[in-house]
Amino acid sequence: MERILYLAIIQAVSFFSFSASAQTTVKGHVVNERGEAVEYVSIGFEEDSVGVISDARGHFVLDIPAGRKDDLSFSHVSYQTETVPFHVYSQTNELTVKLKDKVVELSEVVIGKKSKPQTLSGKSWVGFGVAGFISGVSYTNNYEWGPIFSNSKDYVLSDILIMVKECLFEQCTLSFNVYEVHGQRFVNVLNMPIYQVVSPADNGKLLDVTPTENIVLKGTQKYCICLSIVDTKGKGAIYFPLTFKSSYARNTVKGKRRKLPACPSIMVKGYKMNDGYADGDEM
């Protein structure tokens, strides 16, 4: 089966303008207001693909092309975006960036015991290729990708199902974010991303990723559930079956996005709401 890489799709829609040149290096650490390390922060410039993701301990190393004097942007769905001017990051050997909390108010819901979760998106799994993330490619550092969907009723998100075709990393961490789509704006509805560790032992498996928060998906509201890769162990790649489903590929630093006619095979399930309550089995 032909492999259609995530990288190739993003290049095809002309998101990037990367050029090789002499580089300078910025090293640093990202923390929150309590001094705790912030994992998997997207770090980069607003106008191109130069970027990196902090590791699980909040550390990062970013190579910057010579002559660049733009502000660096630090973004994470759980925190307010922070920008650091050139005169600050260029004058230090070790940069510490503090992010302010961004609290998302979650709905109060009660899970009943009447019915099973219903499929909200991705029911058709007609595949025609493979999409994936590959190590050593800077273009994928700050991008996420996933299906667009909406429903006529209110639901509580219960499951995100993702089929792993092949994982060639020794281990990698996937991140899932849930957004309300308001025209050109993506509004995050999670307090924290949902993380899932994947290894070659998961090859060919359908993974069931469950949220730790009560996420109400409002009827008639358009949503996008985005997948990205935020950490890897060893070099390699991870591939998912590619399906015909409307999706968005989104730059997590710039917030810019492009609508695409296909996406990884992600299925979304939820419990139907009824008079302010959710009818469904407890997880």
Taking a straight Cα-to-Cα line shorter than 18 Å from K256, and setting aside same-chain lysines fewer than 8 residues away, one finds K222
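Over all distinct alpha-carbon pairs, what is the Kirkwood Rh of the stretch 214-273 in angstrom?
Numbers: mean 1/r = 0.0705 Å⁻¹.
It is 14.2 Å.
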Extension length gain for H182 and Q80 (0.36 nm per residue less Cα distance), in nm, is 34.8 nm
Computed on Cα atoms, the radius of gyration and Dmax of the stretch 173-270 in angstrom are 14.1, 42
Among the stretch 62-106, those whose backbone N falls under 13 Å of a label point 7 Å along Cα→Cβ from Q23 are 62-66
Checked against a 19 Å limit on the C-alpha separation, the offending pairs among K153/K269; K69/K259; K102/K153 are K69/K259; K102/K153
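State the percentage of accessible surface on the stretch 141-219 attributable to carbon and sulfur atoms; use a 1.4 Å probe and exclude ligands, DNA and RNA.
Values: 1370 of 3060 Å².
About 45 percent, which is the carbon plus sulfur part of the accessible surface.
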Along the stretch 61-73, Karplus-curve 3J(HN,Hα) (6.51, -1.76, 1.60; θ = phi - 60°) to the nearest Hz, with x for Gly and Pro, reads 9, 10, 8, 10, x, 4, x, 6, 10, 7, 5, 8, 9
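The values are calculated or read from the model by the stated rules, or taken from the named source; none is laboratory data. What you see is a predicted model; the values in this text were computed from it and never measured. Reconstructed Cβ throughout: ideal geometry from the backbone, glycine too, with neighbour counts over all protein chains shown. Heads up: the accessible areas ignore ligands, DNA and RNA and are worked out on the full protein's heavy atoms, side chains in. Shrake-Rupley method; radii C 1.70, N 1.55, O 1.52, S 1.80 Å.
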